[in-house]
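The values are calculated or read from the model by the stated rules, or taken from the named source; none is laboratory data. Keep in mind that this is a model prediction, so the values were computed, not measured. Using ideal geometry, Cβ is built from the backbone for each residue, glycine included, and neighbour counts are taken over all protein chains shown. Just the protein is used for accessible areas: all its heavy atoms, side chains included, with ligands, DNA and RNA removed. Shrake-Rupley method; radii C 1.70, N 1.55, O 1.52, S 1.80 Å.
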Amino acid sequence: MTRPAGRLRGKASSSAERFTFAPEDRLPAVLAVIGSARKRLLLSLFRCDDFDILDALAAALQRGVEVEVLVTSRAKGWTKRLRELWGVLEGMGAKLYRSADPVVKYHAKYIVADDGPALVASLNFTRKCFTSTVDFLLTTRDPVVVSGLRRLFVADSRRPEPARAGRFGRRLIVGPEHARREFTRLLEQARRTIAIVDPKFTDPAILDLLKVKRKEGVAVTVLGREHVGGLAPHGKMLIVDGVVAVVGSMSLSALSLDFRREVAVIVRDRALVAEMQRVFERLAARTPAGRGKPVR
């Protein structure tokens with residue numbers, strides 16, 4: 001089977017972190033985090049149908065790892081498959097927590113193995129997202145991110161409703177509590193460029209802010225619903241001035257910013273942000289028009 005966009009490479013690492021875009025590198029990155037767990041493995045899942053992931057979780061349990069999984073209670077078109085997934089996870093011995101909040105839909109995608117590494121992703125753990133979509137993930141050993149995700153997992157899994165207050169570290173953006181405020185703050189700080197990958201970008205307030213920034217001379221480019229090099233639109237990424245970036249499950253839509261449990265991570269490492277910028281530029285060049293859509 002031929003990979004749909006093997007030339008769109010994207011993998012960079014610093015001493016503590018790695019950014020991954022290339023489809024062929026995504027599954028290995030996730031499996032590496034799962035395989036590194038020795039005592040405890042925490043997963044926040046929205047969708048999962050990849051047998052390699054399920055086999056890796058079973059192997060972790062067999063070597064004595066305590067596996068805890070926080071799953072959404074609803075996903076469009078997945079009612080039957082969610083029940084099947086719950087059954088598989090419980091059947092192999094994982095401890096399962098179902099998010100049941102009637103308002104806040106659980107959409108976060110992350111993994112924490114022991115005291116690190118942790119992984120924050122825009123992708124679902126599905127065969128489609130491992131091969132055929134525009135998606136991104138960040139693997140990190142930063143104790144600020146690791147401890148923040150662990151606290152968030154405990155808060156969301158041990159309470160009848162998701163945690164409503166508290167911060168989870170300076171690098172994590174947790175929605176809906178802090179999402180709109182943090183994204184607005186980052187965008188307001190832009191002086192030169194704003195680059196966005198987001199097929200669901202529809203929020204009126206954010207769009208108005210981007211129009212203001214453009215009038216101030218900031219170059220704003222958005223990759224939305226375009227297919228890129230055979231890859232379907234799905235993942236979200238923001239880069240401001242080429243010096244700070246955000247990757248995660250969060251979309252710039254009112255639903256995502258205000259009514260969903262979402263998680264994204266802020267990246268300031270120069271090498272990683274530079275690679276993310278290069279990936280963005282390659283994606284923009286591969287759109288049907290040969291460039292991203294400017295905000296007017």
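For the chain, with a Gaussian network of springs between Cα atoms less than 10 Å apart, report the residue from VAL212, VAL112, VAL263 with the top mean-square fluctuation.
Between VAL212, VAL112, VAL263, it is VAL212 that shows the largest mean-square fluctuation.
Going by accessible area, probe 1.4 Å, with all protein chains left in place, what is the ranking of TYR110, TYR97, largest first? Walk me through the intermediate numbers first.
On the way: TYR110 0, TYR97 35 Å².
Largest accessible area first, the residues go TYR97, TYR110.
Sort 17-27, 176-186 by the packing proxy (mean of other Cβ within 10 Å over each peptide's residues), most packed first. Can you show the working numbers first?
Details: 17-27: 21.2, 176-186: 17.5.
Put in order of decreasing packing, that is 17-27, 176-186.
Give the accessible area for VAL240 in Å² (nearest 10); use a 1.4 Å probe, count only protein heavy atoms, and leave out ligands, DNA and RNA.
10 Å²
Mind giving me the FRET efficiency for VAL144 and LYS80? R0 is 51 Å, r the Cβ-Cβ distance, nearest 0.05 is fine. Please report the intermediate quantities before stating the final value.
Numbers: r = 39 Å, r/R0 = 0.76.
The value I calculate is 0.85.
GNM, the chain, Cα, under 10 Å: largest mean-square fluctuation among LYS105, LYS95, LYS236?
LYS95
Using the Cα atoms of the chain to build a convex hull, what is its mean projected area in square nanometres? Working shown, then result.
On the way: hull surface 57.6 nm².
Mean projected area for the chain: 14.4 nm², to one decimal.
Amide H neighbours of THR133 under 5 Å, counting only residues 5+ apart in sequence or on other chains, H built in-plane at 1.01 Å?
Result for THR133 returns ALA232.
When a/c is below 1.5 the answer is rounded, else prolate if a/b is larger than b/c, else oblate, so apply that to segment 229-275 with a ≥ b ≥ c taken from the square roots of the Cα gyration tensor eigenvalues. Walk me through the numbers on the way to the answer.
On the way: a/c = 2.54, a/b = 1.36, b/c = 1.86.
Oblate.
So what are the ³J(HN,Hα) numbers for segment 233-241, from phi and the Karplus equation (6.51, -1.76, 1.60; θ = phi - 60°), rounded to whole Hz, Gly and Pro as x?
Karplus-based 3J(HN,Hα) across segment 233-241 equals x, 7, x, 10, 8, 10, 10, 10, 6 Hz.
Take the cross-link list LYS39/LYS128; LYS109/LYS215; LYS39/LYS109 and give me the ones stretching past 25 Å between alpha-carbons. Show your work: numbers first, answer last.
Numbers: LYS39/LYS128 30 Å; LYS109/LYS215 35 Å; LYS39/LYS109 21 Å.
Result: LYS39/LYS128; LYS109/LYS215 exceed 25 Å.
Determine the dipole magnitude for the chain: charges of +1 sit on the beta-carbon of Lys and Arg, -1 on that of Asp and Glu, nothing else is charged, the reference point is the Cα centre, and the result goes in debye to the nearest 20. The partial results should precede the final answer.
Numbers: 53 positive and 32 negative charges, 117 e Å.
Its charge dipole is roughly 560 debye.
Suppose the chain between ALA155 and ARG225 were pulled fully straight at 0.36 nm per residue; how much longer would it get relative to their current alpha carbon spacing?
Numbers: separation 70, 0.36 × 70 = 25.20 nm, distance 3.41 nm.
Here the answer is 21.8 nm.
Given a Förster distance of 35 Å, report the FRET efficiency between ARG192 and LEU31 from their Cβ-Cβ distance, rounded to the nearest 0.05.
Numbers: r = 38 Å, r/R0 = 1.08.
Rounded to the nearest 0.05, the efficiency is 0.40.
With a ≥ b ≥ c taken as the square roots of the eigenvalues of the C-alpha gyration tensor of segment 161-251, please select rounded if a/c is under 1.5 and otherwise prolate if a/b is larger than b/c or oblate if it is not? It would help to have the intermediate numbers written out before the result.
Values: a/c = 1.82, a/b = 1.22, b/c = 1.49.
Oblate, since a/c reaches 1.5 and b/c is not below a/b.
Classify segment 192-233 as rounded, prolate or oblate, taking a ≥ b ≥ c as the square roots of the eigenvalues of its Cα gyration tensor: rounded when a/c is under 1.5, otherwise prolate if a/b is larger than b/c and oblate if not. Mind dumping the intermediate values first?
On the way: a/c = 4.38, a/b = 1.78, b/c = 2.46.
It comes out oblate by the Cα gyration axes.
Give a residue-ordered list of calculated ³J(HN,Hα) values for segment 112-119 (Karplus: 6.51 cos²θ - 1.76 cosθ + 1.60, θ = phi - 60°; whole Hz; x for Gly, Pro).
10, 10, 6, 9, x, x, 10, 9
How many nm separate the modelled label positions at VAL88 and ARG167, each set 7 Å beyond the Cα in the direction of the Cβ?
Label at VAL88, label at ARG167, 3.9 nm between them.
Compute the angle between helix 23-36 and the longest alpha-carbon principal axis of the chain, please, reported from 0 to 90 degrees and rounded to the nearest 10.
Computed tilt is about 40 degrees.
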